[in-house]
Amino acid sequence: MKLHLKLSLVLSTLLMASCTSFTDSKQVDVKLHDPDLLWADASHLALSSTADGKLFMGFSTHWLDLNAEVLSYDPETESFDKPFGLGRVTGVKVGPGGEMSQGKIHTPFFENDKVIYFGTAFGVAGYKWHRQRKAYAGGCFVAYDQKSGKAKVVGRAPKLEGILTLEPDFPRNCLYGISFPNGLLMRCDIGTGEVKILGQVDDQYRKSKAMADSIDVTRCLVIHPESGVVYGSRKNGEIWHYDPAKGKISETGLNVKQGIVGQADDKALASSHWRMALLSPGSDKIYATHQGTCSLFELDLKTKSITPLARICSDADLNTMGNIRGSRLAFILADGKIHHLTHGPAVKVEGRKLNPNDQVYYVTYDLNSKKRIDHGPLMAPGDIRVCDSDTLAMLPDGRLFSLASIELIDPARIEEMQSGDQGKRLFPKLGGRGVYFDMQLVELPIVEK
């Protein structure tokens with residue numbers, strides 16, 4: 001281990017003891033909004049707010065003959081709307097003899113001049129499933145114009161490659177993405193639709209003994225608005241950048257491991273890319289999390305330095321040697337504060353036979369005071385537990401929403417889920433969570449600034 005990394009770990013251990021606020025866990029009472037999409041089984045990053053105070057969200061599926069679905073939500077009327085059909089827009093014909101579906105939307109929805117951009121990917125969990133349908137045509141860069149109500153494919157990833165990572169560079173009228181499974185850095189020209197492969201930046205599909213392959217996908221890029229330089233990371237922690245002026249991918253000499261807070265075991269170090277990363281508005285500072293430990297750190301682009309800040313996890317998991325529950329993608333920066341939905345131990349509910357392995361907790365970190373607060377587990381009316389979340393969005397009025405997996409206890413709904421008609425196309429609802437679950441929109445109470 002290099003000397004600077006050793007010093008970083010010592011410093012981060014001291015920071016963990018001095019800058020973290022330990023509080024008694026408090027329950028976060030949430031409100032549920034049901035879109036009634038029983039087939040949906042996941043959502044990663046696919047929830048964003050618009051300038052006029054609406055939400056756009058993507059519902060994903062692991063079934064090879066269903067396309068993902070986009071819905072909008074109006075918080076004033078508390079109503080959902082389907083603006084377009086993804087299969088129609090992308091031209092995918094599913095079913096036996098058809099193509100592999102566009103089953104996933106694993107990118108945020110980015111708005112520019114009333115146009116919303118996002119990316120698509122194939123939905124099946126195992127790449128071998130491609131053999132059961134026509135070859136996957138490639139993920140799509142999609143644009144939806146809210147003014148005209150029309151959606152279109154702007155550009156496509158190469159054949160067999162899905163788009164799991166997307167970041168816009170609107171000043172230069174382009175979109176950047178990383179493909180799955182081969183980790184290709186792509187640039188899509190919004191005006192012409194040309195998609196250029198800039199090089200391979202990720203070894204994400206290599207087998208890992210520590211975590212499932214999918215969790216080691218680098219999910220976000222950071223683009224400096226002035227220079228247009230793109231920053232990303234690899235599984236081993238290396239931070240790279242792409243300079244469009246030079247047309248070259250280069251190493252920065254920095255490593256995400258320098259941001260680790262506390263001690264980390266081999267399993268935690270095996271997944272050392274950043275899980276989330278955001279550029280603070282009007283600054284040259286990136287705030288990101290280390291995948292293997294859920295450590296929050298600051299990367300200063302001017303000084304080319306990394307400062308560990310805190311473990312941004314539940315109080316119960318603070319002193320672990322690694323991130324035993326996996327880092328989450330529900331992570332935003334607003335008004336100098338990090339808002340994050342992490343996973344922690346599930347609250348026991350009397351009389352409930354099935355229990356989820358984890359439960360969603362709301363955690364904040366104030367960048368000015370260096371204070372971290374665990375606000376507690378998310379609970380819906382009727383002691384319904386929020387089991388899994390990888391999305392978080394804030395409306396202009398400060399309200400937080402998440403598209404999340406909700407514990408399902410309604411016998412009639414479970415029976416419908418288990419029916420032959422539904423069962424052939426539904427992802428196993430008990431997989432890894434211990435309970436049946438349903439995808440619903442979760443509204444958190446406004447937290448005082």
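The values are calculated or read from the model by the stated rules, or taken from the named source; none is laboratory data. Since the model is a prediction, treat every value here as computed from it, not as a measurement. Backbone-built Cβ (ideal geometry, glycine too); neighbour counts: all protein chains shown.
Considering every residue within segment 325-346, establish whether at least one is surrounded by fewer than 24 Cβ atoms within 10 Å (Cβ to Cβ) and either among the polar types (S, T, N, Q) or free of Cβ contacts under 8 Å to residues at least 12 places away in the same chain (or both).
no
For segment 83-103, which positions are of a type in the set (D, E, K, R) and either touching a helix residue (DSSP H, G or I) at 6+ places or on another chain (Cβ under 9 Å) or modelled with pLDDT under 95 (or both)?
Residues satisfying the conditions are Lys93, Glu99.
The conditions are (1) at pLDDT below 95; (2) closer than 15 Å to Leu403 by Cα, and Ser48 fails exactly one of them. Which is it?
(1)
Do we find that Leu64 is surrounded by fewer than 24 Cβ atoms within 10 Å (Cβ to Cβ) and modelled with pLDDT under 95 in this structure?
For Leu64, the condition - surrounded by fewer than 24 Cβ atoms within 10 Å (Cβ to Cβ) and modelled with pLDDT under 95 - is met.
Can you tell me which residues in segment 221-234 are in contact (Cβ under 8 Å) with a residue 40 or more places away in the chain and under 20 Å from His290 (Cα atoms)?
If the condition is that a residue be in contact (Cβ under 8 Å) with a residue 40 or more places away in the chain and under 20 Å from His290 (Cα atoms), then Leu221, Val222, Ile223, Val230, Tyr231, Gly232, Ser233 are the ones that fit.
For the condition among the small types (Gly, Ala, Ser), at pLDDT 95 or above and surrounded by fewer than 16 Cβ atoms within 10 Å (Cβ to Cβ), what is the one hit in Gly398, Gly376, Gly382?
One residue alone meets the criteria, Gly382.
Could you check, for segment 123-135, whether at least one of its residues is modelled with pLDDT of 95 or more and either part of a strand (DSSP E or B) or over 26 Å from Gly98 (Cβ atoms) (or both)?
no
For the list (1) touching a residue at least 40 places away in the same chain (Cβ under 8 Å); (2) surrounded by 18 or more Cβ atoms within 10 Å (Cβ to Cβ), I need the number of the one condition that Val94 fails.
(1)
Here is a list of conditions, (1) without any contact (Cβ under 8 Å) to a residue 24 or more places away in the chain; (2) buried (at least 16 other Cβ atoms within 10 Å of the Cβ), and Asp52 meets all of them except one; can you say which number that is?
(2)
Conditions tested, residue by residue: (1) at pLDDT below 95; (2) surrounded by 15 or more Cβ atoms within 10 Å (Cβ to Cβ); (3) in a loop (DSSP other than H, G, I, E, B).
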residue: Ser272; (1), (2), (3): yes, yes, yes
residue: Phe297; (1), (2), (3): no, yes, no
residue: Asn319; (1), (2), (3): yes, no, yes
residue: Gly322; (1), (2), (3): yes, yes, yes
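Here's a check for you: in segment 282-294, which residue that is touching a residue at least 24 places away in the same chain (Cβ under 8 Å) and over 16 Å from the mean Cα position of the chain (by Cα) is farthest from Val230 (Cα to Cα)?
Checked segment 282-294; the qualifying residue farthest from Val230 (Cα to Cα) is Thr293.
Give segment 271-294 a look and list any residue that's of a type in the set (Gly, Ala, Ser) and over 15 Å from Trp240 (Cα atoms), or say none.
Hits for segment 271-294 are Ser271, Ser280, Gly282, Ser283, Gly292.
Select, from Leu66, Leu71, the only residue that is farther than 30 Å from Pro445 by Cβ, of a type in the set (A, V, I, L, M) and either outside the structural domain of Gly193 (by TED's automatic domain parsing) or within 22 Å of the chain's Cα centre (by Cα) (or both).
Exactly one of Leu66, Leu71 is farther than 30 Å from Pro445 by Cβ, of a type in the set (A, V, I, L, M) and either outside the structural domain of Gly193 (by TED's automatic domain parsing) or within 22 Å of the chain's Cα centre (by Cα) (or both), namely Leu66.
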